[in-house]
Amino acid sequence: MILPIRTFGDPVLRHKGARIDKITSAIQKLIEDLFETMYAAAGVGLAAQQVGQELQLAVIDVRAVKDRPSTLELEGKPADVHSFMPLVLINPEIRPSGEPSTGPEGCLSFPEIYADITRPESVEVTALNGNGERIGFKAGGLLSRAIQHEVDHLNGILFIDRMSTVDKKSLKAELESLQETTRVDLKKSG
């Protein structure tokens, strides 16, 4: 089921997600819905908070992006990113590494708003997958950026928090408009 994506101004986006202790049928259904919602919106990642669920759960799939490569290492050896997708991250823990890398980012909770964001170029990840199995890997390129972006969501951090002051100022009108539209929509549905 395609779920409504929460937009900037919705308080749930600022909430840290709760850890998931058990992979229940409800969690499995949420994972399916997250993927369906993400694909319908042409995104590469989606966190539970973005659909109103305060949980440590995100989904990622970078296969559709051809112009921004990703790298993956499993047990210290290069691995095929495509065969590792789609990716479910439950209770992820990350350790960013490498030089800072600046690249374009957008967010499904900020329609049509983009900015260059600086993040570490790679990240080491440990998490549970959709079956509750422990996984560990190192990611680079777009996959690293997507993981860091989604883990930020799981901790109530938005990509605008990582924007340069100049970018934030230049997008001020769009951000205020989106925030006001979200507030109005929340009042109507509340």
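The values are calculated or read from the model by the stated rules, or taken from the named source; none is laboratory data. Everything quoted here is computed from the prediction, not taken from an experiment. No Cβ is skipped: glycine too gets one built from the backbone with ideal geometry, and neighbour counts run over all protein chains shown.
Can you pull out the residues in the stretch 36-60 that are buried (at least 17 other Cβ atoms within 10 Å of the Cβ) and over 20 Å from ASN155 (Cα atoms)? Step through it out loud before you land on a result.
Filtering the stretch 36-60 down to residues buried (at least 17 other Cβ atoms within 10 Å of the Cβ) leaves 37-38, 43-51, 53, 55-60.
Within the stretch 36-60, just THR37 meets the criteria.
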* ASP167 fails exactly one of the following numbered conditions: (1) loosely packed, with under 12 Cβ neighbours inside 10 Å; (2) modelled with pLDDT of 95 or more. What is the number of that condition? -> (1)
* Can you spot a residue in the stretch 62-76 that is surrounded by 15 or more Cβ atoms within 10 Å (Cβ to Cβ), of a type outside the set (D, E, K, R) and not in a strand (DSSP E or B)? -> yes
* Whichever residue in the stretch 112-141 is among the aliphatic types (A, V, I, L, M) and closer than 23 Å to ASP33 by Cα and, among such residues, is surrounded by the fewest Cβ atoms within 10 Å (Cβ to Cβ) -> ILE135
